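The values are calculated or read from the model by the stated rules, or taken from the named source; none is laboratory data. Quick caveat: nothing in here was measured; it's all calculated off a predicted structure. Here the Cβ is made from the backbone with ideal geometry for all residues, glycine too, and neighbour counts use every protein chain on show. Protein only, heavy atoms only, side chains kept; ligands, DNA and RNA dropped before computing areas. Shrake-Rupley method; radii C 1.70, N 1.55, O 1.52, S 1.80 Å.
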Amino acid sequence: MRPARYAFVAVLALSVAVAAKSTVPVQTGSAPTIAQFLSPASPIEVAAAKNVDRVAWIAYEEGKRNVYTAAPPAFTPVRLTKYLKDDGVDLTGVRISADGSTVVFVRGSAANRAGWHANPSGDPNGPEEAVWAARTAAPGISWRVVEGSNPQLSPDGRWVLVVKDGQIYRAAVSATKPAAEMDRGEKPFISEWGTNSNPVWSPDGSKIAFVSTRGDHSFVAVYHAKTRTVTYLAPSVDFDTNPVWSADSARVVFTRRPGTAFGQQAQAGGGGIGLPQGPAFQAVPSATGRGAAGRGGRGGRGGTGAQQAQGGQPAQPGQGAQTTAPDANPAARVPGLMSATFRGGYTQSIWTADAASGEGHEVWHNQPNDRLFATIANIRWAGDHVIFPMFVPGGRGGRGQAEQPPAPPPAGPQDEWDRYYSLDVTKDNATPVLLTTTDGLIEDQTSSIVSPDGKTFFYCTNAKDIERRHIWAVPTAGGDPKQVTTGEGIETYPAPLASGKTIATLSTAWNMPQSLGIWPLRPAGNETIAQKIVFPAARPGFPADAHVEPQVIMTKAPDGLDIHNQLFLPKDIKPGEKRPAIIFVHGGPVRQMLVGYHYRYVYHMFYATNEWLAAHGYVVLSVNYRAGVGYGRSFRNAPNTGGSGNSEYQDVVAGAAYLQSRPDVDRARIGIYGLSYGGLLTAQALARNSDIFAAGVDYAGVHLYGSSLDPNDVSYQSSAISQIDKWKSPVLLIQGDDDRNVAFSQTVGLVQLLRQRDVYHELIVFPDDVHDSLLHSRWLYLLGRMDTFLQKFLGDSGPRKTTISGR
């Protein structure tokens, strides 16, 4: 494996002296188009069958989204669906049955806060979010199964479970419409009091475990198909969540946290001596609705029923309703009144229960004031063990989650990296075993998986190659991790095949867009393996030769923090030339741009955009600013970021100083662009330093932190609009008005300020579109507009007028 190339640069000031050189305009003509850079088909999700060697994946092909499958020995891709239009209908959540015969997936986007699904194509029939299915033996035929999302496919592929309105529905995976409402998913299959969620099939398909949340407590229950009965597992006054099945379908393991203390109960009350309002009702009103009301609302351990239905985790001890300092509130000194623990002071336990009888017992618990195992979630069964992550606090979201500031760092010494642990659940009071001893980022749940036989844990990390990702493996009972995929590429989302002979990954490189790779699992003593790219079979018209390999450039921020950047240097720069330059800032901020195509599709597009800009003569610098991931917990939780001081902006300024120091950059023609948090930083750059940044493209940026307009508040001072009177440089603003991550009002409000100051701005508004557009045609349009805009202001000047467009 060749390490990334690093250049260490110390930039001391922005006024670096540069000798006069000849200025070169932006390149046009024979350079490849952005449509060519974005033309290849790319897989965006992959799944493997448990019992046979077969994979299924979702592919994005110039806006057309389809499901494919392949099997050994040739792994020839077979398209199962026929969605042949760039219509903006998203495809997500691909699942394949254990026998490899059936694939299910979700078409459509989740509803926004008003209950509407994204409709970027303006379909007058209206959009929906629904589960669809296809048979791997019948390519080209797919059908709608049931309205809903996050389908749980039965092991035999005959049924799917979805959760709607706090109840569990089942629908037959059949191209023929079933006669019974319940089999069509139109009537609840399991209708129990409470907010019911997280259904999990037993491996033999005869039972379903699920969580039933009752406001101030929750149960884990098991539905038995043969008798159509429900058994509650060791019911108590506490919060039971995260059920997982043993391989023999006989036992369920789940987590338990204490129920809600009086001081945090927030139920509305029903009158009478036995149904009072909760003491916290005025501070935190209870949600109303079926299953969420009348049982305590927001608890210190479980959250509301709505939170549980969405997979929310119990709150930390003492959080929630308590609004006064402990010393000022006498109730806080009464043990168990304002916060809850189990006897002995611990707050987290793991239980195992018999699925038939419901009898269960605790097999492990954490220690009082335990910082390491404070909250355990997303456990997975693996042989005789369960595996669970201990992640860095803070957002790890994808599409649909709002921008999040970094979480405050915990007090005291801390591990810089995320870890996975394994616990032997056949022994009481066993000690969790650290599995991932490698030092590196393990980004989220989808980047790790247990092998079908339960013996191996595969995970994706940047350990030993901090600017990339590779797949590693470790025995689920513990042992030394071994690197599975090697080389100069980037591999994510491991999908081990049933035979144990191969593993599928989503694979990229600096000049190869995301592809589906099949890797042989390394035999003992063999240090050289190579993947076989099975999709796409070809990339006609893709300009691989026009790519430049990005260089890692280290800059130092004014406060001394080292910042990693990627430099895209045009191939044709000649001595004495001075080129325009552009800074790219990613969103998140919990993201990391890599030295190759990114595994998240929107950043996959932006990597291609950076290559395209370099091919057209721009010097491009992609800045991995503080508060991002990949460089450790301290970097992620850097102080005074976001609305607490905007300290990450100095990393952008350091990047600009580096560009100004280069003899091949025209310091008068430096621009900046980014999406989301990158749009936020673009606005910061233009508002604070129009003397440095000549133009910017702000795609769905945040311009006001919080809601305070008090100029003395730190959040307002940290916002771009606090410096609006210094904003002189032109800006291209882009946003969809159904953005679920950043309120469209952020752009609406900014435009009013720019108009009053006669700041040149162009505006692209996409009706009914989301945070990053769902239509490929819109990407081509907005990037084409960006091209024209940058040529105008980093090349020749143009007329000053406001342009408003929507496509």
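The table below lists the values:
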| item | result |
| --- | --- |
| Subset of segment 18-48 that is in contact with a helix residue (DSSP H, G or I) (Cβ under 9 Å, 6 or more places away or on another chain) and at pLDDT below 95 - its residue that is surrounded by the fewest Cβ atoms within 10 Å (Cβ to Cβ) | 28 |
| Qualifying position, being modelled with pLDDT under 95 and more than 23 Å from the chain's Cα centre (by Cα), among 560, 541, 500, 576 | 576 |
| All positions within segment 464-494 that are of a type in the set (Phe, Trp, Tyr) and without any contact (Cβ under 8 Å) to a residue 40 or more places away in the chain | 472 |
| Pick from segment 213-266, criterion of a type in the set (Ser, Thr, Tyr) and not in a strand (DSSP E or B), ranking: nearest to the chain's Cα centre (by Cα) | 246 |
| Looking only at segment 96-114, and only at residues there that are farther than 13 Å from residue 160 by Cβ and part of a strand (DSSP E or B), the one that is modelled with the highest pLDDT | 107 |
| Residue match in segment 693-708 (condition: under 28 Å from the mean Cα position of the chain (by Cα), of a type in the set (D, E, K, R), within 30 Å of residue 415 (Cα to Cα) and open to solvent by less than 10 Å² (accessible area, probe 1.4 Å)) | no |
| Subset of segment 475-511 that is of a type in the set (S, T, N, Q) and open to solvent by less than 20 Å² (accessible area, probe 1.4 Å) - its residue that is nearest to residue 32 (Cα to Cα) | 508 |
| Sole residue being within 23 Å of residue 593 (Cβ to Cβ), part of a loop (DSSP other than H, G, I, E, B) and small (Gly, Ala, Ser), chosen from 679, 674, 701 | 701 |
| Top-ranked residue of segment 111-131 - restricted to ones that are open to solvent by 50 Å² or more (accessible area, probe 1.4 Å) and touching a residue at least 60 places away in the same chain (Cβ under 8 Å), ranked as nearest to residue 536 (Cα to Cα) | 121 |
| Hits in segment 668-692 (condition: in contact with a Ser or Thr (Cβ under 6 Å, 6 or more places away or on another chain), surrounded by 22 or more Cβ atoms within 10 Å (Cβ to Cβ) and small (Gly, Ala, Ser)) | 674 |
| Filter result for residue 360 (surrounded by 14 or more Cβ atoms within 10 Å (Cβ to Cβ), at pLDDT 95 or above and closer than 30 Å to residue 223 by Cβ) | yes |
| Near pairs, Cβ below 8 angstrom, 6+ apart or cross-chain, from segment 495-510 (over 30 Å from residue 550 (Cβ atoms) and among the hydrophobic types (A, V, I, L, M, F, W, C)) to any residue that is open to solvent by less than 10 Å² (accessible area, probe 1.4 Å) and in a strand (DSSP E or B) | 497/55; 497/503; 497/504 |
| Matching residues, segment 639-657, being touching a residue at least 40 places away in the same chain (Cβ under 8 Å), open to solvent by 10 Å² or more (accessible area, probe 1.4 Å) and closer than 25 Å to residue 551 by Cβ | 650, 653 |
